[in-house]
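Report on the following structure.
None of the figures in this text is laboratory data; all of them are computed from the coordinates on show. All values reported here derive from a predicted model rather than from experimental measurement. All Cβ positions, even for glycine, are placed from backbone atoms using ideal geometry, and neighbour counts span all protein chains on display.
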Amino acid sequence: MAYRPTAKTEARRAAQHKQLLEAAIRLVSQGGFAALTIQAVAQEAGIATGTVYKYFKDKASLCAEVFKLCTIKEVEQVRSATHDTNQTNLKDRLCYSIRVFAERAIQGRRLAYALIAEPVDALVDAERLIYRKAYADIWQGLIEEGMASGECPQQIASVSAAALVGVVAESLVGPLAMAEDDRLAIEKDQLIGAIQDFCWRAISQAK
């Protein structure tokens, strides 16, 4: 008879899997993906190294899962920001979503840099492309609404949205690469305001 795991066994495995991912996220938040090794995760979680391999076949697959878990949360924050009821027009909704993205990134610089720009394994890089597309889809929807309402001119919304993702991400790479205790070259609100202004001009003055 084939072995069938009990509910208790499944619950224990789920709890251990969660424990390993939480340990991995702490490591990435402190030292980026470069700090994430199977041995380091095992030590951080207080679990034998061999046990980690029961859940992740190698470092690349572990990094990819950490990336997905962290980025899903950030994408949902941006998505929610575009539907905030306090933002009543296209400009406010776009700018607020950019502020949410940027403020969360600056607050957790090391993790954000790892998610946005740190050189990574090809498996993680593939996931990064998927989630850049997820952000672009959110802003594409906003631009399409703006074209329909007359708040912005007609344009290829998918191209404009992809460009916004690039602008926001690249504008933050430098500040995110700084140590947590280093002061930003320009004040946070000035930085975010400059990004917001550029992005709004880009879609509102398109020909």
Legend entry - Residue (of Ala45, Val167, Ile106) at the positive-pole extreme of the chain, dipole from beta-carbon charges: Ala45
Legend entry - Of (i) 121, 26, 23; (ii) 65, 46, 31; (iii) 45, 44, 31, the label for Cα extents along the principal axes in Å derived from the coordinates: (ii)
Inset, instruction - Could you pull out the GluC sites (Glu not before Pro) across segment 122-162 that fall in loop regions by DSSP (anything but H, G, I, E, B) with no more than 10 other Cβ atoms inside 10 Å? - result: none
Inset, instruction - Keeping to pairs on different chains or 8 or more places apart, tell me how many lysine pairs in the chain have Cα atoms under 25 Å apart. - result: 22
